[in-house]
1. One-quarter of the Cα convex hull surface for the chain, in nm²?
2. Report the relative contact order of the chain, percent, no decimals, based on alpha-carbon pairs under 8 angstrom and at least 6 residues apart.
3. Over the chain, how many pairs of lysines fall under 20 Å by alpha carbon, counting only those 8 or more apart in sequence or from different chains?
4. With Cβ to Cβ distances under 13 Å as the rule, what net charge do the other residues near Pro94 carry (K, R +1; D, E -1)?
5. Heavy atoms only, probe 1.4 Å: what % of the accessible area of the chain goes to carbon and sulfur, would you let me know?
Amino acid sequence: VILGLVCGLLYWDLGGPFSKILYAFAIGLISEGVYGPMAATMICGMVLRLGIAVATLVTRKMWTEEQRQAGISALFLGASYITEGAIPFAAENPIVVLPACMIGGAVGAITSLALGAGISAPHGGLFLLLIALLAGTLVTAAMLIILKKITMGKTK
C-alpha cells in the first residue's frame, strides 16, 4: 500500500523528474529480480491519461470541443504509456487534474501490487494488468469529474 501511494504521489508531475525517479527505482529493482514496482509504475503512468480520456467521454458537456478531442488523444497515448496526453489538462486546471491523477494512480498501483503483478521489462502497455489499469482509470475519471464539478460551481 505504501509503495502504491508513493507511485501515485510521485506521478503528480505527469512523467516529469519525480516520475523518472520512480521509474529508475523500479528499473533498479528489476535488476534484483523484483518485478512488482515496475508493474505498479507502468500502471500509474497509464491510468492518468486513460482516466482523463474516460472523463472527457463520459461527461462531454463539462469539456470544450478542444478538450474532448484531446481526451481522445489521451486515450491512445495512455494505452501506449505516453505521458503527454495529460499535460494540457493539468496545465489548464492543475487543482482539479493533479489530485485526480494522484489518487487514480495510487489506486492503480496499489491494485497492481495487491494482485502480485510484475513486469520484467522496463515499459508497459495496455495489457500489462487490465484489472489494475481499469481500477486506476475509473478512479482518476471519477475524481476528475467530481473535482471539476466542485470547481465549476466556484468559478461561476
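The values are calculated or read from the model by the stated rules, or taken from the named source; none is laboratory data. Computed from a predicted structure; not experimentally measured. Positions of Cβ are backbone-derived with ideal geometry, glycine not excepted, and every protein chain shown enters the neighbour counts. Please note that ligands, DNA and RNA were not included when accessible areas were found on the heavy atoms of the full protein model with its side chains. Shrake-Rupley method; radii C 1.70, N 1.55, O 1.52, S 1.80 Å.
1. Values: hull surface 32.3 nm².
Projected over every direction and averaged, the Cα hull of the chain covers 8.1 nm².
2. Details: 302 pairs, mean separation 54.9, N = 156.
That works out to 35 percent.
3. Counting lysine pairs in the chain gives 5.
4. Details: positive: Lys148; negative: Asp13, Glu92.
Cβ neighbours under 13 Å give a net charge of -1.
5. Numbers: 5470 of 7440 Å².
Accessible surface attributable to carbon and sulfur in the chain totals 74 percent.
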